[in-house]
Amino acid sequence: LAGTFVTAGSDGSVNFWDKENKQRLKACGKCYQPIPSAAFNHDGTILAYAVSYDWGKGCEYYNPATSKNHIFLYPVQESDIRQRAK
């Protein structure tokens, strides 16, 4: 896991990256809402991420009926963080 990090964002995407080789290792399927927060557990075997409205468009676009908050746990596989051959 050393040298691997994850990005998540307002487009609902999660990507695993190889810091040393500056390449994306895996692109996960997109969520239906923004992902304002994501973090690995202490040994990197689980990725926790939150899906919720991120207020980027302001309060006029917030709809409590469709903007439910969720926390998901993703079991990180070896294939998610394996470096690719150059």
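The values are calculated or read from the model by the stated rules, or taken from the named source; none is laboratory data. It should be emphasised that the depicted structure is a prediction, and the values quoted were computed from it without experimental measurement. Cβ placement follows ideal geometry from the backbone for every residue including glycine, while neighbour counts extend to all protein chains displayed. Areas reflect the complete protein model, heavy atoms only, side chains present, ligands, DNA and RNA absent. Shrake-Rupley method; radii C 1.70, N 1.55, O 1.52, S 1.80 Å.
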Close pairs from region 51-62: first part of a strand (DSSP E or B), partner open to solvent by 30 Å² or more (accessible area, probe 1.4 Å) and at pLDDT 90 or above, Cβ under 8 Å, at least 6 apart: VAL51/ASN69; VAL51/HIS70; VAL51/ILE71; VAL51/PHE72
Any hit, region 39-46, residues being in a strand (DSSP E or B), within 17 Å of the chain's Cα centre (by Cα), in contact (Cβ under 8 Å) with a residue 12 or more places away in the chain and more than 21 Å from ASN21 (Cα to Cα): yes
Residue satisfying all of: in region 1-51; in contact with a Leu (Cβ under 7 Å, 6 or more places away or on another chain) and of a type in the set (Phe, Trp, Tyr); surrounded by the most Cβ atoms within 10 Å (Cβ to Cβ) among these: PHE16
Candidate set from region 63-73 (those that are open to solvent by less than 80 Å² (accessible area, probe 1.4 Å) and not in a loop (DSSP other than H, G, I, E, B)); member that is farthest from ALA48 (Cα to Cα): HIS70
Check on TYR32, more than 19 Å from GLN77 (Cβ to Cβ), out of contact with any strand residue (DSSP E or B) (no Cβ under 8 Å at 6 or more places or on another chain) and in contact (Cβ under 8 Å) with a residue 12 or more places away in the chain: no
Region 77-86 - residue that is in contact (Cβ under 8 Å) with a residue 24 or more places away in the chain and more than 14 Å from THR7 (Cα to Cα) and, of those, surrounded by the fewest Cβ atoms within 10 Å (Cβ to Cβ): LYS86
Residue selected from region 1-25 under the condition among the hydrophobic types (A, V, I, L, M, F, W, C) and touching a residue at least 24 places away in the same chain (Cβ under 8 Å), by the criterion nearest to GLY58 (Cα to Cα): ALA8
